[in-house]
Amino acid sequence: MYINAHSWFSFQYGVMKPEALLEAAQQAGVRTLALTDINCTAGIPDFVRDADRFGVRPVAGIEFRRGARLLYIGLAKNNEGFQQLNELLSPLLLDDEALPDRAPELPDVFFIYPFGSLPLLEKAGRELQLGPNERIGITPRDLTRLPFSPWSKRTQDLVALLPITFRHKRDHNTHRLLRTMAKNTVVSMVPPEELAAPEEIFHSEEEVRRMYRSFPQLVQSTERLLEQCTIAFDATDKTRKVFGTSEALDRERLHNDTMVGLRYRYPNATAKVLARMQHELDVIERMGFISYFLLNQDIVRFARSKGYFHVGRGSGANSLVAYCLGITDVDPIELNLYFERFISTARKKPPDFDIDFSWKDRDEVYRYVFGKYNRPLGSARDNNASGIHAAQIATYTTFQWRGAIRELGKAVGLPPEEIDALSEGSHGYYARGRPSRHATSADLDKVAQAVIRYGKLLIGMPHHFGIHAGGIVITDKPVTHYTALHRPPKGFPVTQISMLECEDLGLHKFDLLSQRGLGHIRDAVEMVNGPKGNVECRMQNEECRTVPTKHCATGTDRSSIVAEPERESNAALASSAHSVLNSSFFIQNSELRQQAVDIHDIPRFKEDTASRS
């Protein structure tokens with residue numbers, strides 16, 4: 001009967017993590033619970049995953065707010081309804097498009113409006129008609145006003161609205177402090193409308209029925225509404241399943257491109273190499289990772305076509321197929337690397353390529369990926385953000401000792417000198433919950449002691465989103481099927497879930513990492529070339545082998561590792577002035593190369609007379 005619960009993913013509002021919320025629901029005997037965080041769906045995957053463990057049936061939803069004003073609560077009837085909710089919320093977070101005052105009609109979503117938010121009479125004087133999926137929520141506080149409202153005669157449109165935010169008084173105090181931080185004020189100046197009511201706690205079923213004894217049908221209507229809602233996720237692979245036009249053509253492309261690369265990498269391939277290649281291709285196909293390899297190959301191929309420096313590394317270097325496709329430059333046969341460390345039928349862990357790019361080029365690679373797999377938005381509200389199939393992965397920035405104490409100190413009005421003294425950790429900086437000697441002193445007054453006490457409660461609590469260093473997802477269904485999206489200043493869409501939730505949902509991440517070292521190497525090449533361009537310095541990789549091959553020694557450009565139909569389009573790559581394909585670099589075709597000498601063979605460096613004078 002609880003259709004409006006908040007977790008700590010209602011940032012700087014809720015105080016309970018989803019697991020703690022479920023534990024409190026279990027103790028109260030709650031059988032069905034809807035998680036409806038404020039403009040956020042980050043907690044839904046964990047909530048749905050853990051609910052069964054606590055004997056609670058989960059329902060997914062969102063509480064839509066404009067500032068402190070509650071507009072409406074959306075409850076998903078099913079997974080499609082969850083996607084519809086995400087697509088309603090995402091335009092606000094992507095492009096700051098205002099939420100409508102009245103929710104649109106969505107076939108798989110129930111909307112609950114707070115009592116008094118909708119006028120009973122429309123402008124034409126007609127009585128307001130609610131849609132089949134719309135209800136008015138009546139809180140215990142509203143029960144005193146309801147008998148005097150015309151809504152009392154339309155109880156079929158009403159449900160019991162019992163928000164859940166706390167477990168006890170300490171949670172409410174924490175909530176007040178969080179709201180104070182959010183409003184950047186002191187605790188005595190927080191507007192009342194910014195705070196949740198202290199009674200937003202779980203009640204037993206008997207207590208709820210006693211509260212609504214004048215209108216028992218409201219509780220019954222709420223139970224019937226929740227019975228129509230369900231949500232479930234599984235861990236099956238949800239990465240884009242087809243790279244080209246069909247799975248059969250993808251399979252053919254993977255085999256053909258691997259054979260082209262094999263002829264380049266191993267001109268005289270042994271039976272051992274051929275057997276390894278066939279084994280890997282078989283495992284990749286059986287595990288359903290064909291598109292994953294082709295997507296990574298496509299990203300690397302784009303970078304190569306632009307002359308962007310990049311390095312393929314990680315456990316993907318154990319794959320012969322990846323080596324032949326040009327994703328990596330490490331010879332797994334020569335170095336005796338085991339493919340099973342990368343992909344194994346004995347475990348469900350997805351493959352993981354780490355591809356480094358220069359910090360100057362990585363955003364352009366992002367633009368390519370998002371431009372290829374996402375439909376241009378224009379007005380996000382018009383197309384419901386349903387065209388987004390690629391997004392960056394979020395992280396959660398959490399409170400730690402120093403930040404928590406400083407924010408709390410400001411919230412209660414402590415002077416800066418005392419905040420500085422309290423916020424220092426045991427080693428001069430916060431050391432995982434070990435406060436300094438001053439912070440544990442018995443001479444602290446009650447206010448400072450309260451700051452220390454509540455600071456410990458805040459540690460580990462998320463307070464806003466961050467962005468994963470390089471992880472992105474490319475999904476078969478729209479990303480909004482799993483999470484709402486937001487857009488930080490960098491300009492690319494970002495999920496509201498982290499890599500851990502992505503893995504639980506079967507969303508395999510692609511790591512496109514930014515490395516300053518590659519940018520510095522590029523800068524060095526440009527400096528050597530000079531402004532007049534009279535010296536040609538070129539970046540070229542050496543394959544990672546114990547003995548250089550003929551190809552490494554001659555510096556053959558790896559652009560030949562492409563399928564036959566694409567060789568012409570990459571022909572210009574062979575003469576590119578800047579091309580980097582791995583982490584081992586040397587200068588070739590340079591006037592400086594011919595003049596290079598060993599400094600130890602120069603007599604004046606062997607015997608430096610100046611240093612003795």
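The values are calculated or read from the model by the stated rules, or taken from the named source; none is laboratory data. Computed from a predicted model, the values in this text were never measured in an experiment. As a convention, Cβ positions derive from the backbone with ideal geometry for all residues, glycine included, and neighbour counts pool all protein chains shown. For the accessible areas, the whole protein counts, side chains as well, though only heavy atoms, and no ligand, DNA or RNA atoms are used. Shrake-Rupley method; radii C 1.70, N 1.55, O 1.52, S 1.80 Å.
Here are the numbers for the structure shown:
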| item | result |
| --- | --- |
| Close pairs from region 244-266: first touching a residue at least 40 places away in the same chain (Cβ under 8 Å), partner open to solvent by less than 10 Å² (accessible area, probe 1.4 Å) and not in a helix (DSSP H, G or I), Cβ under 6 Å, at least 6 apart | 261/561; 264/561 |
| Where a residue in region 134-159 is closer than 14 Å to residue 217 by Cα and modelled with pLDDT of 95 or more and its partner, wherever it lies, is of a type in the set (Phe, Trp, Tyr) and assigned to a strand (DSSP E or B), with Cβ under 8 Å and at least six apart | 135/110; 135/111; 135/113; 136/113; 137/113 |
| Subset tally (residues that are open to solvent by 50 Å² or more (accessible area, probe 1.4 Å) and in a loop (DSSP other than H, G, I, E, B)) for region 220-232 | 3 |
| Scan of region 1-15 for residues that are of a type in the set (Phe, Trp, Tyr) and either within 22 Å of the chain's Cα centre (by Cα) or part of a loop (DSSP other than H, G, I, E, B) (or both), ordered by number | 8, 9, 11, 13 |
| Elements of type helices (runs of 4 or more DSSP H) contained in region 240-333, each with 2 or more residues being open to solvent by 40 Å² or more (accessible area, probe 1.4 Å) | 247-265, 271-286, 290-306 |
| Inter-residue pairs, beta-carbon under 7 Å, first more than 30 Å from residue 213 (Cβ to Cβ) and part of a helix (DSSP H, G or I) and in region 160-187, second open to solvent by 10 Å² or more (accessible area, probe 1.4 Å) and among the acidic types (Asp, Glu), 6+ apart | 179/194; 181/407; 183/194 |
| Cβ pairs under 8 Å, 6+ apart, first in region 210-237 and at positive phi and aliphatic (A, V, I, L, M), second surrounded by 18 or more Cβ atoms within 10 Å (Cβ to Cβ) and not in a helix (DSSP H, G or I) | none |
| Criterion violated by residue 6 - all others in (1) at pLDDT below 95; (2) within 22 Å of residue 396 (Cα to Cα) satisfied | (1) |
| Of all residues making up region 50-87, the number that are of a type in the set (Phe, Trp, Tyr) and open to solvent by 10 Å² or more (accessible area, probe 1.4 Å) | 1 |
| Residue that is farthest from the chain's Cα centre (by Cα) [pool: residues in region 504-521 that are of a type in the set (D, E, K, R) and surrounded by fewer than 19 Cβ atoms within 10 Å (Cβ to Cβ)] | 516 |
| Any helices (runs of 4 or more DSSP H) falling wholly within region 350-435 and containing at least 2 residues that are surrounded by 21 or more Cβ atoms within 10 Å (Cβ to Cβ) and at pLDDT below 90 | 416-423 |
